[in-house]
Amino acid sequence: TPPVPALELISVSHTYGARKALDGVSFTIQPGRFAVLLGLNGAGKTTLFSLVSHLFATRGGQIRIFGYDIGRKPGDALRRLGIVFQARTLDLDLTVRQNLSYHAALHGIGPRETRRRIGALLESIDMSDRLNDKARNLSGGQMRRVEIIRALLHRPSLLLLDEATVGLDVKSRATILADIRKLVEEEGISVLWATHLIDEVSDADQVIILDKGKLMADGGVEDVVAATGARTISDAFA
Ligand code: ATP
């Protein structure tokens, strides 16, 4: 039998009033894959994330996380999910440790495991020395990395990142991508990375292109390029 997909969307649609933001989108991400969701602003990426993370109710279609339908088994589905939203979401007046501990408590992680997990994750992104710093004293890139390890505290199997590198300089962007790859390897998880930046696509296992709410392409980088009749991924996306 084939493995249970990390994420499965079956004919997912969403409208805001009369505006169709997602129109019958279906795709599957297999476990352990690094998938990139590519789309210009307004393509429907944030709407898709809002549905997968259960901020919005799914009305049209079905979403399954490791086999759990988020409409029917929301607890089982959400426990397997870690999410980094597009907006900044650290509490700036709290320290790094406090921000992370709060999230761990929400997930019912005990104090000893919380300490151990925070220590190990901070270490792996080279930020052990920032444990007791107020979040407001971190750089934009450091804040993002803390948000990323916060999303991993409860050991999710699928990590969603929405425009995680927006507003950061080139060096921070590269660091974050490298950190994500390292964490993904260490934790053995699947990733859905939403971006409108073409240069973040090149070594993805899978590329999913959304255009005005519709699935335009889904496959390996080369397949996607071939399917669109373009010569490079940049041309395919132009
Ligand atoms: P961005 O990166 O700019 O957020 P996106 O690819 O994430 O773009 P969405 O934010 O999902 O796209 O938006 C998809 C479409 O739905 C757009 O046409 C947008 O204008 C519209 N839309 C999004 N949110 C709302 C809302 N709350 N009310 C009405 N229309 C909305």
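FRET efficiency for the pair His196 and Ala105, taken as 1/(1 + (r/R0)^6) with r the Cβ-Cβ distance and R0 = 45 Å, rounds to 0.85.
About the centre of its Cα atoms, segment 74-169 shows a dipole size close to 360 debye [charges on the beta carbon of Lys, Arg (+1) and Asp, Glu (-1) only; nearest 20 debye].
Take every Cα pair under 8 Å in the chain that's 6+ residues apart, average their separations, divide by the length, and report that relative contact order as a whole percent.
Numbers: 427 pairs, mean separation 63.2, N = 238.
Reported as a whole number, the value is 27 percent.
Against the main long axis of the alpha-carbon atoms of the chain, helix 111-124 sits at an angle near 70°. Only helical runs count toward this figure. For the chain, summing -39,500 (n - 2.57) over DSSP H runs of n ≥ 4 and dividing by all residues gives -10000 deg cm²/dmol at 222 nm. Between Arg136 and Lys73, the contour length at 0.36 nm per residue exceeds the alpha carbon distance by 19.0 nm. Lysine pairs in the chain whose alpha-carbon atoms fall under 23 angstrom of each other, counting only those eight or more residues apart or on distinct chains, come to 7. Using a cutoff of 8 angstrom between alpha carbon atoms and counting only pairs six or more residues apart, the relative contact order for segment 100-238 works out to 16 percent.
Label-to-label distance for Ser128 and Arg116 is 1.7 nm, based on points extended 7 Å past Cα in the beta-carbon direction.
If r is the Cβ-Cβ distance from Glu222 to Ser11 and R0 is 25 Å, what FRET efficiency results, to the nearest 0.05? Walk me through the intermediate numbers first.
Numbers: r = 27 Å, r/R0 = 1.07.
Using R0 = 25 Å, I get an efficiency of 0.40.
For segment 145-189, the convex hull drawn through the C-alpha positions has a volume of 61 cubic angstrom per residue. Per residue, the convex hull spanned by the Cα atoms of segment 1-151 measures out at 146 cubic angstrom.
Report the full-extension gain for the segment Lys20 to Thr1: residue separation times 0.36 nm, less the Cα-Cα distance, to one decimal in nm.
On the way: separation 19, 0.36 × 19 = 6.84 nm, distance 3.61 nm.
This chain segment gains 3.2 nm when fully extended.
Extension gain, Asp169 to Asp203, is 10.2 nm, computed as 0.36 nm per intervening residue step minus the present C-alpha separation. Each Cα pair under 8 Å and six or more residues apart adds its sequence gap; the mean of these over the residue count of segment 1-82 is a relative contact order of 33 percent. Residues considered: Tyr16, Tyr102, Tyr68. Largest GNM mean-square fluctuation over the chain, using C-alpha springs under 10 Å, is found at Tyr16. Computed over the chain with a Gaussian network model linking Cα atoms closer than 10 Å, the most mobile of Leu159, Leu131, Leu106 is Leu106. Quick one: in segment 69-170, what % of C-alpha pairs are over 15 Å apart? The calculated P(r) of segment 69-170 puts 62 percent of pairs beyond 15 Å.
Computed from the coordinates by the stated procedures, all read-outs in this text should not be read as laboratory data. In this text the structure is predicted, and so the values were computed from the model without any measurement. Glycine also receives a Cβ, built like all others from the backbone with ideal geometry; neighbour counts cover every protein chain displayed.
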